[in-house]
Amino acid sequence: MASEARQIALILGATGGVGGAVARTLKARGWTIRALNRDAAKTAAKTPDFEWVQGDAMNAADVLTAAKGASLIVHAVNPAGYRNWGTLVLPMIDNTIAAAHATGATVLLPGTIYNFGPDAFPLLQETSPQNPVTAKGRIRAEMERRLEAASEKGVRVIILRTGDFFGPGAANNWFSQGLVTPGKPVASITYPGSKGTGHQWAYLPDVAETMARLVDRRATLSVFAVYHMQGFWDDDGTKMVAAIRRACGNPRAKVKAFPWWLMPFVAPFVPLLKELREMRYIWQEPLRMPNDRLIAAIGAEPWTPIDEAVRTTLAGFGCLPPETARRVLQAPQKPDSAEVAA
């Protein structure tokens, strides 16, 4: 672990799935968690274990003030509902970079596959060309470009790119907005891809643990350190569906095709559906993220068995009977330290 007497991490986006998971993981490792929020008093009442600071990630002065004394800034903040990405996302990363410049903090960014277009498939390496085909992908690629430029001026940066997130508390993703319906028992599963097309998934608690292990070793990493997480590789597009069936105890849960045909009609009126429609290409071709560089850095990728991961996710979404969900969520969860099987 890092050697600071009082390690302070500033979390931007601590109420979100990724930011919250990373904050809890770092807290368990002895970090003091400072979180920026536009309604700090109200949020502090719900999560008193964190040090909540009033402010907005869009305000450079707020971010700088919150970052004072911090050695790590976790940039996990995103505009809600996919709205106004073009005008909000880049100013927020600029504010984080400015604060890191001023304080000497390392920036930790949860990365995605959206930076890449189909020309980089089927194996996404850390150095694969970034030719995104969507507006969100272009913004994500620009975020990374700005972070790399900042690293050339002395800001340490860690980026962990993963497949599609799933996990309790991770609400803004394909799993919860496509495959299952939160709050309802799993009677059917809507799958966006086709049988035979592989897909990359990442269980959020494993992502958070992986990030924490990279942070532990940040002094030994390159100034601009980028890694890919292998996560759960569904090699033929049927493994995640099978895991959901096992986890919910309904082996006959019907599998329905995602209604791509409907998207052109409704997407202009619903930002989320417009975003989903643009991302269809990631379901049309297999994509996989080798983790050789990550293993070289941390030794082994954290790995929660897929049945446990999916069962916990469904429990968190309220898709299991209340007593079952309570039992699952109260069970201790600790990722294995074994390397993910290929």
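The values are calculated or read from the model by the stated rules, or taken from the named source; none is laboratory data. A quick note: this is a predicted structure, and the numbers were derived from the prediction, not measured. Cβ: placed from backbone, ideal geometry, glycine included. Neighbour counts: every protein chain shown.
For the stretch 104-123, enumerate the residues that are surrounded by fewer than 20 Cβ atoms within 10 Å (Cβ to Cβ) and out of contact with any Asp or Glu (no Cβ under 9 Å at 6 or more places or on another chain). Across the stretch 104-123, the qualifying residues are 104, 117, 119, 120, 123. Which residues, counting only those in the stretch 238-269, are under 30 Å from residue 297 (Cβ atoms) and buried (at least 18 other Cβ atoms within 10 Å of the Cβ)? The answer is 240, 243.
Per-residue answers, yes or no, for (1) part of a loop (DSSP other than H, G, I, E, B); (2) of a type in the set (Gly, Ala, Ser); (3) surrounded by fewer than 22 Cβ atoms within 10 Å (Cβ to Cβ); (4) free of Cβ contacts under 8 Å to residues at least 12 places away in the same chain:
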| site | (1), (2), (3), (4) |
| --- | --- |
| 171 | yes, yes, yes, no |
| 184 | yes, no, yes, no |
| 193 | yes, yes, no, no |
| 209 | no, no, no, no |
| 222 | yes, yes, yes, yes |
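Could we say that residue 203 is over 19 Å from the mean Cα position of the chain (by Cα) and either crowded, with 17+ Cβ neighbours inside 10 Å or more than 30 Å from residue 245 (Cβ to Cβ) (or both) here? For residue 203, the condition - over 19 Å from the mean Cα position of the chain (by Cα) and either crowded, with 17+ Cβ neighbours inside 10 Å or more than 30 Å from residue 245 (Cβ to Cβ) (or both) - is not met. Annotation: of all residues in the stretch 59-84 being modelled with pLDDT under 95 and of a type in the set (A, V, I, L, M), the one that is surrounded by the fewest Cβ atoms within 10 Å (Cβ to Cβ) is 80.
When every residue of the stretch 238-260 is checked against the conditions, none turns out to be in a strand (DSSP E or B) and closer than 30 Å to residue 97 by Cα.
Looking across 100, 21, 44, one residue alone is modelled with pLDDT of 95 or more and over 26 Å from residue 279 (Cα atoms). It is 100.
Residue 224 satisfies every condition listed in (1) within 25 Å of residue 137 (Cβ to Cβ); (2) at pLDDT below 90; (3) out of contact with any Phe, Trp or Tyr (no Cβ under 9 Å at 6 or more places or on another chain) except (2). Apart from one condition, residue 125 fits all of (1) at pLDDT below 95; (2) under 20 Å from the mean Cα position of the chain (by Cα); the exception is (1).
Exactly one residue out of 77, 89 is touching a Lys or Arg at 6+ places or on another chain (Cβ under 9 Å), of a type outside the set (D, E, K, R) and in contact (Cβ under 8 Å) with a residue 12 or more places away in the chain: that is 89.
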